[in-house]
Amino acid sequence: MEQQNKKLSLKSYIGYGLAEAGGQFSWTLVSSYLTIFYSDVVGLAPAAISLIMLIARICDAISNPLMGAVTERTHTRWGSFRPYLLFATPFLALFNCLTFLNMDISRNSKIIWCLITYILCGMAYTAVSISTGALANSMTIVNSERVTLNSFRNIIGNAAVFIINAATMPLILYFGNGDTSDGMGYFMAAVIYSLISIPCLWTAFVSAKEVVNTHKKEEKSASLLSSFVQTFKDRDSMLVFLAMILVMTAVMGRSSIMAYYFIYVLDNAPAMAVCTSAMTLGGLLPGFYSPFLLNKIDKKWAGAGGCIACAIVCILLYFCGGFHPPLPVLAAVHFLYGAANCVGLTTFALTAEIIDDSWIRTGHRADGVIYSCISFGTKLGHALGGSVGILILGAVGFAANTTMPSSVLSDMNKVINFFPAVIFLLAALCFSRIRMTNARGKENEKTVEEMLRSSASNQKNM
């Protein structure tokens, strides 16, 4: 009980944050640059790219709840979640590199190669990300400590994203001899980031410790189907699930086609490194203000407010696309976009409270399943945003490596910025309907402490 209640060390906070950094060194490159790599380097049509994105990300989404169930049924001396930070990491590094390898093969073979490598990269990332997300709930039962853990995760993860956003386009241009359509630039960026991700994730494996051990090997686990059914019957779980589908549709709807905004709408590819770095720098701020915010107001209102703020900034970015403001102004607006997005941190903290609440009501703790089902919504949003964005760009007249009329560029600007704004507002509505409050979370924290104390006492008397 002392381990489960005590304040975690700085080593634990930083180690946990490095797990997010390790994952980002793989996934940020994929989420921000893979679409344009497929169109401008591999030479695939928007329809083919959309199909690849949709199939791969649906497969990735389906693997999320399955991975959650697998982790709950994993019993090792390291715990249920940490082993995957050790063993899945090399596969993530390998498949991340292969995803950005442009093979000299036929067009149909390229489509198959892209689909297979993207699916495998997504599966490896799922093993790492689900384990990282669920791990915080097993490191402590104290909700304020979980908020702090996820704040460090946000700060360190966004620091990694800042480095990636600042360095990626220069790396692509350097290794591609100044050409954004040269595949060597993308491949070398993937190799460098993959080599960085391995020590980050392995350091997290060593530093983070699972002390809330509720998954006993000798106990019979609830069936996979019953765990999923129970999760999706829970009102708050479903609302967070729907909110994350919408949030990630908006985020990925913009992120996956953001490069087109700079290369085609603004005709200023180098500005992408500056603006995405500013956006990521802004993204560090939620890690600092969220511990105060989430402990002072109900987390559902923090989530709704973050979505509304992101919608407003997306509308500002649309107007920037029309007026072509100076780079400092454009960077400042992107900074605001990052600073406003506290939704991820809010969701992590809210999910932890939902897991405790479900455990109290059902008698079964489903860390992996509940977290992965909500993550399933995140991945569905990835699939929808990533595939629909490029498909709509194709529908409004986008053609790679060509000069397009101003009317097409204007429509592209609407797709890249107005579309996410509307989706963010729908996500805010979902957050506002959640019933979980901070007061209820505090009551549940005390109940969980008594449950663990009673369990420890019973085991001692046996």
Quiz item: Restricting to the range 43-92, what's the tally of residues that are within 22 Å of Ser207 (Cα to Cα) and not charged (D, E, K, R)?
Solution: 19
Practice problem: Hey, could you check the range 51-69 for residues that are open to solvent by 40 Å² or more (accessible area, probe 1.4 Å) and within 20 Å of the chain's Cα centre (by Cα) and say which is modelled with the highest pLDDT? | Solution: Ile55
Exercise. Check off (1) in contact with a Ser or Thr (Cβ under 9 Å, 6 or more places away or on another chain); (2) farther than 20 Å from Ser151 by Cα for Lys414 and give me the number that stays unchecked.
Key: (1)
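Are there helices (runs of 4 or more DSSP H) fully within the range 331-449 with at least 2 residues that are more than 29 Å from Ile62 (Cβ to Cβ), open to solvent by 20 Å² or more (accessible area, probe 1.4 Å) and out of contact with any helix residue (DSSP H, G or I) (no Cβ under 8 Å at 6 or more places or on another chain)? List them.
Per the criteria, 406-413.
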Exercise. Please enumerate the residues belonging to the range 294-318 that are over 21 Å from the mean Cα position of the chain (by Cα), in a helix (DSSP H, G or I) and under 21 Å from Arg153 (Cα atoms).
Key: Asn295, Lys296
Quiz item: How many residues are open to solvent by 10 Å² or more (accessible area, probe 1.4 Å) and more than 12 Å from Tyr193 (Cβ to Cβ) if we restrict to the range 15-31?
Solution: 3
Quiz item: Do we have Ala311 as buried (at least 21 other Cβ atoms within 10 Å of the Cβ) and modelled with pLDDT of 90 or more here?
Solution: yes
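For (1) within 28 Å of Asn444 (Cα to Cα); (2) in contact with a Pro (Cβ under 9 Å, 6 or more places away or on another chain); (3) part of a helix (DSSP H, G or I); (4) free of Cβ contacts under 8 Å to residues at least 40 places away in the same chain, each residue gets a yes or a no:
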residue: Pro90; (1), (2), (3), (4): no, no, yes, no
residue: Leu94; (1), (2), (3), (4): no, no, yes, no
residue: Ser109; (1), (2), (3), (4): no, no, yes, yes
residue: Ile119; (1), (2), (3), (4): no, no, yes, no
residue: Thr126; (1), (2), (3), (4): no, no, yes, no
residue: Leu149; (1), (2), (3), (4): yes, no, yes, no
Practice problem: Take Ser181 and decide whether it is out of contact with any strand residue (DSSP E or B) (no Cβ under 9 Å at 6 or more places or on another chain) and under 24 Å from Leu92 (Cα atoms). | Solution: no
Quiz item: Ala166 is checked against (1) at pLDDT below 85; (2) buried (at least 18 other Cβ atoms within 10 Å of the Cβ); (3) closer than 19 Å to Ala21 by Cα and fails just one. What number does that condition carry?
Solution: (2)
Quiz item: Given Tyr118, Tyr125, which one is buried (at least 21 other Cβ atoms within 10 Å of the Cβ), at pLDDT 90 or above and within 19 Å of Ile374 (Cα to Cα)?
Solution: Tyr125
Quiz item: Among the numbered criteria (1) in a helix (DSSP H, G or I); (2) open to solvent by less than 10 Å² (accessible area, probe 1.4 Å), which single criterion is violated by Ile141?
Solution: (1)
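The values are calculated or read from the model by the stated rules, or taken from the named source; none is laboratory data. Here the structure is a predicted model, which is why all the values come from computation and not from measurement. Positions of Cβ are generated from backbone atoms using ideal geometry, with glycine treated the same way; all protein chains shown enter the neighbour counts. Heavy atoms of the whole protein, side chains included, go into the accessibility calculation; ligands, DNA and RNA do not. Shrake-Rupley method; radii C 1.70, N 1.55, O 1.52, S 1.80 Å.
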